[in-house]
Amino acid sequence: MKTQVATANRLTDGAVVYATPTGGWSEIIEDGHIAPDENAARALLETAEHAVREQVVIGPYLIDMIIEDGALRPRRVREAIRAAGPSIAKL
């Protein structure tokens, strides 16, 4: 079973965001809607694509999640870095 969350970049400021269960977007990965199977993941991505057409986000895709130390975390290092926020200081 693959557990996934949809991510994208918000058009207004480029921030990394995650699709929430209420249909919104959050900068906090823990707020993301968890798709526990392929059908739910497909539906989640379709909802994200609707947000693209509404010009809310750009480039949505699904990321694989794992349970680590009792918490849900991104499987790939790239996604963990994106979830942690910018890796350089803002001036």
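Residue 12 meets each of the listed conditions (1) part of a strand (DSSP E or B); (2) of a type in the set (Val, Ile, Thr); (3) more than 16 Å from residue 84 (Cα to Cα) apart from (1).
Could you please find all residues in the stretch 1-33 being among the hydrophobic types (A, V, I, L, M, F, W, C) and either open to solvent by 80 Å² or more (accessible area, probe 1.4 Å) or touching a residue at least 60 places away in the same chain (Cβ under 8 Å) (or both)? Explain how you work it out, then say what you get.
So in the stretch 1-33, the residues among the hydrophobic types (A, V, I, L, M, F, W, C) come out as 1, 5-6, 8, 11, 15-17, 19, 25, 28-29.
The answer is 1, 5, 11, 16, 28.
If you go through the stretch 15-35 and keep only what is over 9 Å from the mean Cα position of the chain (by Cα), among the hydrophobic types (A, V, I, L, M, F, W, C) and assigned to a loop (DSSP other than H, G, I, E, B), you end up with 15, 34.
How about the stretch 48-91: which of its residues are surrounded by 13 or more Cβ atoms within 10 Å (Cβ to Cβ), among the aliphatic types (A, V, I, L, M), at pLDDT below 85 and part of a helix (DSSP H, G or I)? Hits for the stretch 48-91 are 80, 81, 83.
The values are calculated or read from the model by the stated rules, or taken from the named source; none is laboratory data. Note that the structure is a prediction, hence the values are computed from the model and not measured. Ideal geometry is used to build each Cβ from the backbone, glycine not excepted, and the neighbour counts take in all protein chains shown. Calculation scope for accessible area: heavy atoms of the full protein, side chains included, ligands and nucleic acids excluded. Shrake-Rupley method; radii C 1.70, N 1.55, O 1.52, S 1.80 Å.
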